[in-house]
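The values are calculated or read from the model by the stated rules, or taken from the named source; none is laboratory data. None of these values were measured; they are calculated from a predicted model. When we count neighbours, we look across all protein chains shown, and the Cβ atoms used for this are built from the backbone with ideal geometry, even at glycine. Only protein heavy atoms, including side chains, enter the accessible area calculation; ligands, DNA and RNA are left aside. Shrake-Rupley method; radii C 1.70, N 1.55, O 1.52, S 1.80 Å.
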Amino acid sequence: MGIVNVTPDSFADGGRFLAPDAAYAHALALAAEGADLIDVGAESTRPGSGGVSVAEEQDRLLPVLERLLKDPPCPVSVDTAKPEVAETALALGAHVINDVTGLAAGPGVAQVCARYGAGLVLVHMRGTPATMQVAPHYDDVLGEVRQELAAAVALAEGAGVPPEAICVDPGIGFGKTPTHNLTLLKRLDALAPLGRAVLVGPSRKSFIGALLDLPPTDRLEGTLAACVAAVLSGAHILRVHDVAAVRRAVRVAEAIRDAPGDGVEATASGPGP
Ligand code: HH2
């Protein structure tokens, strides 16, 4: 899933793709790099951000979605927690809604998805972007994230979204310390009992900055490591800024994951080392 932030203030690329032409061109470029899904968002949810109005979010999104959905290069998801924005996006032909609040405000976004037959990403978040990084605490981060996502899944299904249309995301950086993020990336298999595809978004996030002491623009290698670890622990979809690089890293990681583990040659293989 390639990221297109139509925002002035996103933590990694704020302002670069605020102009509709730039956002549209970036979406096409990410699809050409091999993205299977493009995620367009118009509200930054970085820690401390206060949010934008429905009108502002629509004003940013619509010119981009109108162009992108005329002849979409791949399915398009829209990163919003507002039912009104979700409705407008789906009416234009968007395929998936990515709700980083995991239906915190109620089933509204899920009801809209059910009506349009759209996919729904439910992300785990504790608190709101304004408050979520103020002393996050869990007694059992894996169990609590799984339980809270299970409640969101039940809410979505109750609103009429079919089980196979829902995917879950542990919400890297959304009300988590760096250690919580590392534990979640290491143990994505803990979400397997939910029976949904697992999406995860570690791209350029601050836990990488904390480990390497580098700004968002210099976090590619850290992102690749996090994505590889996520694939090995059970991720199905990766939300990233750097699609081409992540695709390459993941192809190798998947080949290693799927290689015979017992040293016995199952099929004829190529040359040696
Ligand atoms: N993270 C961000 C936004 N949307 N969606 C999902 N499903 N998972 C995530 O981890 C996720 C997300 C935050 O990253 P970004 O869009 O790059 O920045 P900002 O919120 O500052 O626009």
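Here are some notes:
For every residue, the table says whether it meets (1) more than 16 Å from the chain's Cα centre (by Cα); (2) surrounded by 24 or more Cβ atoms within 10 Å (Cβ to Cβ); (3) of a type in the set (S, T, N, Q).
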site: LEU65; (1), (2), (3): yes, yes, no
site: PRO72; (1), (2), (3): yes, no, no
site: GLU84; (1), (2), (3): yes, no, no
site: LEU142; (1), (2), (3): yes, no, no
site: LEU149; (1), (2), (3): no, no, no
site: GLU157; (1), (2), (3): yes, no, no
site: ASP169; (1), (2), (3): no, yes, no
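- Of the criteria (1) within 21 Å of ARG126 (Cα to Cα); (2) open to solvent by less than 10 Å² (accessible area, probe 1.4 Å), which one ALA89 fails: (1)
- Selected residue (criterion: nearest to ILE237 (Cα to Cα)) from residues of segment 18-72 that are touching a helix residue (DSSP H, G or I) at 6+ places or on another chain (Cβ under 9 Å) and of a type in the set (Val, Ile, Thr): ILE38
- Number of residues in segment 197-206 that are farther than 20 Å from ASP9 by Cβ and more than 9 Å from the ligand (Cβ to nearest atom) equals 2.
- Only one entry of ARG247, ARG257, ARG187 meets the criterion of being open to solvent by 70 Å² or more (accessible area, probe 1.4 Å) and in contact (Cβ under 8 Å) with a residue 60 or more places away in the chain, and that entry is ARG247.
- Residue within segment 187-196 that is within 10 Å of the ligand (Cβ to nearest atom) and either touching a helix residue (DSSP H, G or I) at 6+ places or on another chain (Cβ under 8 Å) or modelled with pLDDT of 95 or more (or both) present: no
- The residue list GLY102, GLY119 contains one member that is in contact with a Ser or Thr (Cβ under 8 Å, 6 or more places away or on another chain), under 20 Å from ASP169 (Cβ atoms) and open to solvent by 10 Å² or more (accessible area, probe 1.4 Å), which is GLY119.
- For segment 18-44, the tally of residues that are assigned to a loop (DSSP other than H, G, I, E, B), surrounded by 23 or more Cβ atoms within 10 Å (Cβ to Cβ) and of a type outside the set (Asp, Glu) stands at 2.
- Hits in segment 45-81 - residues which are part of a loop (DSSP other than H, G, I, E, B) and either touching a strand residue (DSSP E or B) at 6+ places or on another chain (Cβ under 6 Å) or more than 14 Å from the ligand (Cβ to nearest atom) (or both): SER53, LEU69, LYS70, ASP71, PRO72, PRO73, CYS74, PRO75, ALA81
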